[in-house]
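What follows is one structure encoded as structure tokens, with my remarks underneath.
What follows draws every value from the coordinates through simple rules; no lab data is involved. Predicted, not measured: the structure shown is a model, and the values here were computed from it. Note that we place each Cβ from the backbone using ideal geometry, even for glycine, and neighbour counts take in every protein chain shown.
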């Protein structure tokens, strides 16, 4: 396995290094996930919105069958797309569990704060009670969204908040809030979809460590303590993205990377939604 674990607030250990499947071409998803597993990835991130839960699940099952790897040794994350309330979410959980074919989902997130998040959260809690979900959390939630959820006195506190995080987007207010509540941060788009490759400071640090810009950005997130979800559909880059455990970025260089922050979002940013 690549990397180590982070301990969630429910006591479960989640692999910190994950394969992100967002925007992976559906014709390549199965092969890409399988390649990631072969390279040592043990955490696969999917979502209903990506329409690839079944492809991810098939790749995991094939890998398990061919290597003898146990189900409990692979962590599968997915996300609820439509927050339409309690009953709808219960049905949606069942659909995701069936689609992936893995028997249960390790981590299931509300993909955004849009919709009936309180009642949908209650359905996620029911999914945990029924053994369909092992851990539950949120994605793209700002502090006010999470506080509203906590003020509703949930049975289960979110384990994770998955948001866009990288040197050019620190979202420090969200990070500070989540850390104060014991909620693990997960970093999606850690490579900014390549949009910041070529930055002079990033290039200089990459050259110093004899690593690629992508590897520096991934390592940065790991050293910040985030779960990190790099995405690629190229076997060579999938392997390269995992080659980040043989070096450590100095405190001085971590500060330089942190100071690149310009609140740059490569995708949507529901964290700031007032609703």
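Quick notes
- Region 208-275: C-alpha gyration tensor shape, a/c 1.5 cut-off, then a/b vs b/c: oblate
- For the Cα trace of region 139-259, dividing Rg by the Kirkwood Rh returns an Rg/Rh value of 1.02.
- By the count of other C-beta atoms within 10 Å, a proxy for reagent exposure, 42, 224, 236, 26 are ordered fewest to most as 236, 26, 224, 42.
- As a proxy for reagent exposure, 181, 13 were ordered by neighbouring Cβ count within 10 angstrom, fewest first; the result is 13, 181.
- Exposure proxy for 1, 254: other Cβ atoms within 10 Å of each Cβ, ordered fewest to most, give 1, 254.
- Value of Rg/Rh across region 5-263 [Cα atoms, Kirkwood radius]: 0.96
- The chain: relative contact order in percent, alpha carbon pairs under 8 Å with at least 6 residues between: 20 percent
- Values of log10 I(q)/I(0), in the order q = 0.12, 0.19, 0.26 Å⁻¹, for region 23-104 under a Debye, Cα-only, solvent-free model: -0.34, -0.78, -1.28
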